[in-house]
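> Let me give you the structure first, and then I'll get to my questions.
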Amino acid sequence: MDVEAEVARLRAAGRMQEVATLVIEHYGPEVLTFLTAMLSDHADSGDAFAQACEDLWKGLPRFEGRASVKTWFYTLARHAASRLRRSSRHQRFATISEISDVADRVSSRTRPHLRTEVKLGFAAIRDALDDDDRMLLVLRVDRGMNWNDVARVMSDEDGASEAEIARSAARLRKRFQSVKETIRERAIAAGLVGSMDPDAEP
């Protein structure tokens, strides 16, 4: 199924709950895994995922389609994680009733696979990186996003122009090279360099 085309069709028909359900069902597992990698806590990632689903539901009528709905969902997830980090650890987000069942279903289905995927996908050398560098690796390497979409997800500016996105993408490419070099240096120090191609993406 071409999810983006189906989203456009359903939005044109005003069927917003079906759009939200489709997006969360299709992209939810990978977004939840992304949040677990970013927050390193299953409870926190579940709360951030619930908030991202609510933000998606509320924001659909205003979604302009300048990026794919997948990229937008990742951006919402990143913002939800940031808000959770700033809030009291006792404050928990709750999704609105219209979409909470879908979010809970995706979370429950995905959760048993997260521990293995995170363990395999994020070695200790990555976990030692700062949050933004780790996010950069997840989006670019694990999720295979193009540089402009990585820039959109990581941008703190809502509604950035295409020129601003392009400049941000260029900066992130340079940063990515620096992160790769950091990983390579740490791998050498840990005696892991023999299993790693220094010219390959980590």
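The values are calculated or read from the model by the stated rules, or taken from the named source; none is laboratory data. Everything numeric in this text was worked out from a predicted model, so none of it was measured. Cβ: placed from backbone, ideal geometry, glycine included. Neighbour counts: every protein chain shown. Note: accessible area is taken over every heavy atom of the protein model, side chains too, but ligands, DNA and RNA are not part of it. Shrake-Rupley method; radii C 1.70, N 1.55, O 1.52, S 1.80 Å.
> Would you point out which residue out of ALA52, ALA20, ALA67 is assigned to a loop (DSSP other than H, G, I, E, B) and in contact with a helix residue (DSSP H, G or I) (Cβ under 8 Å, 6 or more places away or on another chain)?
ALA67
> Mind checking whether some residue in the range 40-61 is under 17 Å from VAL150 (Cα atoms) and open to solvent by less than 60 Å² (accessible area, probe 1.4 Å)?
Taking every residue of the range 40-61 in turn, none turns out to be under 17 Å from VAL150 (Cα atoms) and open to solvent by less than 60 Å² (accessible area, probe 1.4 Å).
> Among the numbered criteria (1) at pLDDT 90 or above; (2) of a type outside the set (Gly, Ala, Ser); (3) closer than 20 Å to LEU22 by Cα, which one does HIS79 miss?
(3)
> So which residues in the range 112-155 are hydrophobic (A, V, I, L, M, F, W, C), modelled with pLDDT of 90 or more and not in a helix (DSSP H, G or I), if there are any at all?
Within the range 112-155, just MET145 meets the criteria.
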